[in-house]
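The structure appears right after this line, and notes come after that.
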Amino acid sequence: MVLLKYSRFSNILFYFTIIFLHFSYFTYGKKSSDVFDKVSKETGFSAVFLNTIETGKLIKQCGCNEQEKCLNNMKAQIYSCSNDCWGIFNKITKTPEDLKKCFDKKKDRITSFMECFNRKSESCNPLNDNKMIPKHNITLMFHIAEKQISSRKNDIMKSPAVKPIRNFFNTTLDFGHCLKNCMLKGNSNGFCFDKINCQPYLTEKKTIVTIKKCLKEFDWKDELAEICDCCIKAGISELNKICPMLKLMAGGSKKVHLQTKPPSTTVSKKN
């Protein structure tokens, strides 16, 4: 719950670039919501919710101010850990700092996506009236999220979309592993939510529905196409086989948007 909300959405590289790049080969022409349905199914999304509930334990649902405080705390930690782990990309590019800039310049966009998710998910309690919810083990969430992706690594590697970017894919998984360990080390004495004794309330269904809604507001195909081109310029030549496809996806999306745009109702004035 917490991990999905902050770690996945805060880290553009680990979520959008890798998971969506994997499925983009099969989803040209499909809706963003269809893509996420496939992603959530193939990556074992539900396990992060179902397998981390602490049986018989309840915790207060965070008030909105409490949730925002912990959100900002975790976001700062993620960006700090990203900086510490970024050297891993030395394995695939001679200019890792240029690669980092490709993602740093998208921080505002991912922040907008997070704000959309926070607004539409209604995960905090505006009344802050001690409403109790099932308690999740946040540390376990990190382990299970990584395990779900790692356990499917071999199947993912067989994908025609991933084979050309094998080195980039593996290096990004290494980056994700480093990020997880950094976050757990930095919160060895408890996460912000543990310390203030509350958690956001999200179910798997509510999370997926909310992500779909925000994907409609977030032109992720355009964002991926831009990031992909930037990565090539930063030395990730493997993406040469992927970027043209992403451009086609982005172009097709724009074409559909133009076709569905309602006609103008402006009436020309007679002379």
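The values are calculated or read from the model by the stated rules, or taken from the named source; none is laboratory data. Keep in mind that this is a model prediction, so the values were computed, not measured. Counting neighbours? That spans all protein chains shown, and the Cβs are built from the backbone with ideal geometry, glycine included.
The table that follows gives values for the structure above.
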quantity	calculated
Lone qualifier among L184, L248, L202, L258 - being assigned to a helix (DSSP H, G or I), at pLDDT below 90 and either touching a strand residue (DSSP E or B) at 6+ places or on another chain (Cβ under 7 Å) or surrounded by 12 or more Cβ atoms within 10 Å (Cβ to Cβ) (or both)	L248
Scope the range 209-231; condition of a type outside the set (D, E, K, R), surrounded by 17 or more Cβ atoms within 10 Å (Cβ to Cβ) and in a helix (DSSP H, G or I); matching residues	T210, I211, C214, L215, W220, L224, A225, I227, C228, C230, C231
The range 50-96: number of residues that are at pLDDT 95 or above, in contact with a Leu (Cβ under 8 Å, 6 or more places away or on another chain) and hydroxyl-bearing (S, T, Y)	1
Candidates N154, N128, N137, filtered to the one that is more than 27 Å from L215 (Cα to Cα) and at pLDDT below 85	N154
Whichever residue in the range 126-172 is part of a loop (DSSP other than H, G, I, E, B) and touching a Ser or Thr at 6+ places or on another chain (Cβ under 8 Å) and, among such residues, is farthest from P200 (Cα to Cα)	A161
Verdict on D222 being without any contact (Cβ under 8 Å) to a residue 24 or more places away in the chain and farther than 30 Å from N128 by Cβ	no
Number of the exception - E122 against (1) modelled with pLDDT of 95 or more; (2) of a type in the set (D, E, K, R); (3) more than 30 Å from N170 (Cβ to Cβ)	(1)
